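*Asks:* Structure incoming, see below.
None of the figures in this text is laboratory data; all of them are computed from the coordinates on show. Just so we're clear, the structure is a prediction, and the values are computed from it rather than from any experiment. Virtual Cβ from ideal backbone geometry, glycine too; neighbours counted across all protein chains shown.
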Amino acid sequence: MFRFVQTQGKSYLKQSRLTIAIFISLALGIIVGWAFPAFAVRTHVLAEVFLRMVKMIIAPLLFATLVVGIAGHGDVKSLGRLGIKTVAYFEVVTTFALIIGLGFANLFKPGEGMVSLASQHIGLGEITRMASSTHHNSFGEMFLSLFPTSIFQAMSDGNLLQIVVFCIFFALAICAAGKKAQPVVDILNSVSTIMFKFTEYVMVFAPVGIFGAIAYTVGSNGIEILFNYGKIILSLYVALAVFVLIVLFIVCRIVKISFRSLIKAIQEPALLTFTTASSEAALPKAMSIMEKFGVPKSIVSFVMPTGYTFNLDGSTLYLAMAVLFSTQLVGINLSLEQQLVIMFALMLTSKGVAGVPRASLIVLAGTLTSFNIPILGVAILLGIDQILDMGRTTVNLIGNCVATVVIARWENVFDYNKMHEFIKNKSAKTNTLGKTESNVSFQKDFTA
């Protein structure tokens with residue numbers, strides 16, 4: 001019995017080690033960046049290596065989970081109805097995110113009165129080049145860019161929109177082929193399982209990557225940059241909190257789901273998302289939890305991956321605030337009409353934001369270029385993008401988890417009994433772990 005208790009305690013400690021290591025690496029990154037700036041600047045390569053490791057997971061994981069999720073429905077008519085409901089919900093919620101972002105940017109005015117940091121042009125030339133390459137001059141060009149000429153090129157470029165479009169057609173073809181296509185579905189199920197395990201291996205390197213990102217930021221700008229950025233960080237996090245506590249809370253009330261229970265259920269993947277600033281890192285765990293929470297696997301497998309393209313609430317809110325920050329920084333005052341036009345543009349451009357660090361900066365640069373606004377704000381925000389990304393990607397994850405519940409309720413397939421059982425088991429497990437730690441501590445003290 002004592003061995004079983006010890007095993008449970010070790011399992012709990014093993015799960016918490018990564019979180020502790022990430023927080024320690026954040027603190028060490030700040031210290032090293034302040035005390036050894038010359039060395040800290042060179043640690044940027046550690047962050048880039050980790051980001052590349054995360055990005056290499058996305059395409060195969062998204063392809064496998066999305067195709068299986070769509071093909072798992074079998075009924076194309078039902079799938080079409082589900083897709084329309086999902087996209088409709090995404091558009092409504094992201095519109096509220098844009099409104100809140102613009103509102104708080106006008107309220108806090110984070111760009112006004114800030115000391116010019118024009119000399120600190122970190123990566124400005126590279127961002128300008130990438131922005132110009134992704135800029136679309138018309139709606140027709142933007143619509144055309146949704147369709148890939150090669151799925152392999154789309155995966156290589158990390159173009160999630162093109163991958164999603166290919167996955168939809170590929171899955172519809174599987175549905176039409178029927179039983180003959182079942183071996184392909186089985187293979188993709190295996191690929192999905194492998195990629196989830198692959199993700200766990202990659203996340204072992206998260207503390208190293210985060211240390212490099214934070215150390216580079218502080219080492220390049222100096223410790224005082226943290227104080228200069230305080231107003232920006234505060235503005236974003238308050239806006240994100242308002243969105244979660246008001247919009248998502250009301251959504252949960254409408255579908256008669258306990259918001260508090262849902263947050264407790266996803267607290268582990270949410271914490272992982274916050275500390276790594278990558279929603280993909282927590283995707284496998286979040287999907288598994290939502291299935292146990294009462295959402296059918298077919299809904300989770302379709303809504304969750306699709307949400308990483310169409311329902312990035314935190315990133316959309318951030319983009320709205322970042323555009324106004326950039327205009328306030330250079331003294332451009334936008335009228336309400338101009339802000340609404342930009343909001344409409346963001347509704348389109350934000351759909352291509354991948355749930356990985358730094359992607360929002362590229363979309364921001366492209367949007368600013370579209371409206372002939374100087375992109376100095378992008379270079380400045382790059383210095384604290386790690387901190388900002390932690391908040392917005394966490395909201396992305398929470399928003400997508402809520403979306404799975406909403407769509408399941410809309411389709412009348414949500415299992416309330418399963419939800420209550422999950423909450424009950426989670427509470428019992430928490431109590432057991434608490435007693436386990438006390439028992440292990442008592443045994444050690446008694447032996448001593």
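*Asks:* Using 0.36 nm per residue of separation minus the Cα-Cα distance, give me the extension gain between Arg52 and Lys292 in nm, one decimal.
*Replies:* Extra length available between Arg52 and Lys292 comes to 83.3 nm.
*Asks:* R0 = 41 Å: FRET efficiency of Asp186 with Arg17, Cβ-based, nearest 0.05?
*Replies:* It comes out at approximately 0.75.
*Asks:* As an exercise, identify the trypsin sites (Lys or Arg not before Pro) in segment 223-288 lying in DSSP coil whose Cβ has no more than 16 other Cβ atoms within 10 Å.
*Replies:* Passing both the DSSP loop test and the Cβ count: Lys256.
*Asks:* Here is a follow-up. Efficiency by 1/(1 + (r/R0)^6): what FRET value for Val208 and Asn412, r their Cβ-Cβ distance, R0 = 45 Å, to the nearest 0.05?
*Replies:* The computed FRET efficiency comes out at 0.45.
*Asks:* Here's another thing I want to ask about it. Could you give the length gained on full extension between Asn333 and Ala35, defined as 0.36 nm per residue of separation minus the Cα-Cα distance, in nm?
*Replies:* Stretched fully, the Asn333-Ala35 segment lengthens by 103.3 nm.
*Asks:* Pulled fully out, how much extra length does the chain show between Glu112 and Phe249, if you take 0.36 nm times their separation in residues and subtract their Cα-Cα distance?
*Replies:* Net length gain for the segment: 46.1 nm.
*Asks:* Each label point is 7 Å from the Cα along the Cα-to-Cβ direction; what then is the distance between the points at Met347 and Phe169, in nm?
*Replies:* With each label placed 7 Å out from Cα toward Cβ, I get 2.7 nm.
*Asks:* Ranked highest first by the average count of other Cβ atoms within 10 Å around their residues, in what order do 387-398, 171-182, 93-104 fall?
*Replies:* Result, highest mean first: 387-398, 93-104, 171-182.
*Asks:* Here is a follow-up. Counting other beta carbons within 10 Å of each Cβ, put Val300, Val255 in order, fewest first.
*Replies:* Ranking Val300, Val255 by Cβ neighbours within 10 Å, fewest first, gives Val255, Val300.
*Asks:* Oh, and also: Quick one: order Ile20, Ile375 by neighbouring beta-carbon count within 10 Å, fewest to most.
*Replies:* Neighbour counts put them in this order, fewest first: Ile20, Ile375.
*Asks:* What order do you get for Met53, Met321 when you list them from fewest to most C-beta neighbours inside 10 Å?
*Replies:* Fewest to most other Cβ atoms nearby, the residues stand as Met53, Met321.
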